[in-house]
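Inspection log for the structure reproduced underneath, given as structure tokens.
A short reminder: the numbers here are calculations on the coordinates, not readings from a lab. Computed from a predicted structure; not experimentally measured. Ideal geometry is used to build each Cβ from the backbone, glycine not excepted, and the neighbour counts take in all protein chains shown.
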Amino acid sequence: MKAAVFHGVEEPLQIEEVEPPTVEDDQIIVETEACGICRSDWHAWKGDWSWIGVMPTDGLIFGHEPAGTVVEVGDNVERFREGDQVTVPFNLSDGTCHHCRNGRGNICEQVVPLGFLKMAPGAFAERFPVRKADHNAIKLPENVDPVDVAALGCRFATAFHGLAHRVDITPGDWVAVHGLGGVGLSAVHIADALGANVIGIDIIDEKLDKAEELGADETLNANDVKDVPQAVKKFTESSRGVDISVDALGVAETCQNAVNSLGKGGQHLQIGLTTSEEGGNVSLPVDNIVMDERDFKGSFGMPPNQYEEIFRMMDRGKIDPGKIVTETVPLEEVPEVVQSMDDYETVGIPVCNEF
Ligand SMILES: [Zn+2]
Ligand SMILES: [Zn+2]
């Protein structure tokens with residue numbers, strides 16, 4: 001089968017013929033119909049995440065935002081049949097640890113990221129295996145377009161879990177989203193659906209326009225102002241600061257701007273993982289966080305049991321992940337799209353839909 005294969009940091013992914021996966025007892029094999037191309041692919045390709053134990057090795061197949069159809073079912077799998085349409089979270093869990101048993105499979109003790117380690121080859125391929133399928137695979141509702149839900153396993157779901165479950169959001173709250181890539185735009189759209197007043201911040205006007213289309217009440221080009229936190233605060237009553245800030249990018253500047261945009265009692269949601277520039281460390285105004293009783297929360301993917309919430313909101317037209325998809329490409333163009341993320345100009349979510 002054809003797949004996009006990693007051969008070294010910053011070396012273009014190669015489209016190659018590889019052996020198709022064979023099914024193990026706890027697995028399903030999925031024929032890929034769509035797979036989002038993500039900044040996380042770019043991070044891994046740049047060799048960014050060695051400090052969190054994610055270092056892709058020669059021969060790894062990338063791709064962690066899939067939707068597709070089950071074509072083979074392992075002997076011990078109970079919940080899936082051939083022909084089921086499924087998606088999969090990027091952080092595959094074991095289903096048995098303390099966190100999995102408490103509904104937090106996204107932070108499983110034995111988490112294996114899809115398409116970042118060879119033990120879980122990814123979905124930039126005609127087929128991919130899903131380990132512990134009964135715990136990890138999620139049946140899609142009928143009549144959804146695989147392209148529209150390709151980002152559900154990563155960016156859209158991460159933004160949803162963060163805003164709906166990690167922070168305490170009240171209708172009318174000011175939510176500032178710093179960095180309007182795929183996850184940032186998803187956060188804008190979801191915060192709007194949850195009843196917040198939303199401010200979108202980026203340095204590319206096209207992304208600000210897209211944020212407005214998705215429900216941002218205010219937008220700010222960070223290059224147009226000297227002091228981003230002050231400019232964000234100005235949108236709020238008496239410049240008191242926002243209730244919730246989201247760093248959807250993961251560079252020191254957006255993280256610090258986001259924390260400094262908060263008002264007293266505000267909550268910061270960290271979704272973006274850092275680059276090799278930060279190496280996982282960002283300095284923060286700790287004393288202000290203490291005296292203002294601000295919260296700093298991390299959010300990582302989404303537990304499998306929360307997908308139903310997204311599907312119910314999609315069904316009633318309250319959210320539409322498909323609105324964030326801006327481009328579809330064949331497998332052959334995946335290497336180029338990953339490489340082009342160097343300049344941060346990709347708008348919305350590009351999805352590969354021809355394998
Ligand atoms: Zn992703
Ligand atoms: Zn677990």
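General remarks:
- Centroid-to-centroid separation of region 306-355 and region 154-198 [C-alpha atoms, Å]: 17 Å
- Dipole size of region 248-317 about its Cα centre, with +1 on Lys/Arg Cβ and -1 on Asp/Glu Cβ: approximately 200 debye, rounded to the nearest 20.
- With the highest mean first, a sort of the peptides 154-166, 221-233, 132-144 on other beta-carbon atoms found within 10 angstrom per residue produces 154-166, 132-144, 221-233.
- E24/D315 FRET efficiency (R0 41 Å; Cβ-Cβ; nearest 0.05): 0.75
- Kirkwood Rh and Cα Rg combined as Rg/Rh, region 177-323: 0.96
- Selection from Q27, V259, G8 lying farthest towards where the dipole of the chain points positive, charges on Cβ: V259
- Ranking P129, V183, N353 by Cα position along the charge dipole of the chain, where only Lys, Arg, Asp and Glu carry charges on their C-beta atoms, puts V183 farthest toward the positive end.
- Electrostatic dipole magnitude of the chain [Cβ: Lys, Arg +1; Asp, Glu -1; Cα centre; debye, to 20]: 1220 debye
- Ordering C154, A231, G250 by the projection of their Cα atoms onto the charge dipole of the chain, which places +1 on the Cβ of Lys and Arg and -1 on the Cβ of Asp and Glu, puts A231 at the extreme positive end.
- Protection proxy ranking of 288-294, 120-126, by the mean of other Cβ atoms within 10 Å over each peptide's residues and highest first, is 120-126, 288-294.
- Near T275, once Lys and Arg are set to +1 and Asp and Glu to -1 for all other residues with Cβ below 12 Å from its Cβ, the sum equals -3.
- Taking each residue as 0.36 nm, the span from E327 to E17 lengthens on full extension beyond its C-alpha to C-alpha distance by 109.1 nm.
- Surrounding net charge for G59, when Lys and Arg each add one and Asp and Glu each subtract one, Cβ distance under 14 Å: -4
- Residue pairs, from the table K210/K233; K264/K297; K207/K323, whose Cα atoms sit over 19 Å apart: K210/K233
- Modelled FRET efficiency - R0 35 Å, D58 with S239, Cβ distances, 0.05 increments: 0.10
- For region 157-298, size of Cβ-based charge dipole, Lys and Arg +1, Asp and Glu -1, in debye: 300 debye
- Where chymotrypsin sites (Phe, Trp or Tyr not before Pro) fall in DSSP loop in region 30-119, at most 11 other Cβ within 10 Å: none
- Of all DSSP beta bridges confined to the chain, the antiparallel ones make up roughly 50%.
- Computed on the chain, with alpha-carbon pairs under 8 angstrom and 6+ residues apart, the relative contact order is 19 percent.
- Rounded to the nearest 500, the 222 nm mean residue ellipticity of the chain from helices alone is -6000 deg cm²/dmol, with -39,500 (n - 2.57) taken per DSSP H run of at least 4 residues.
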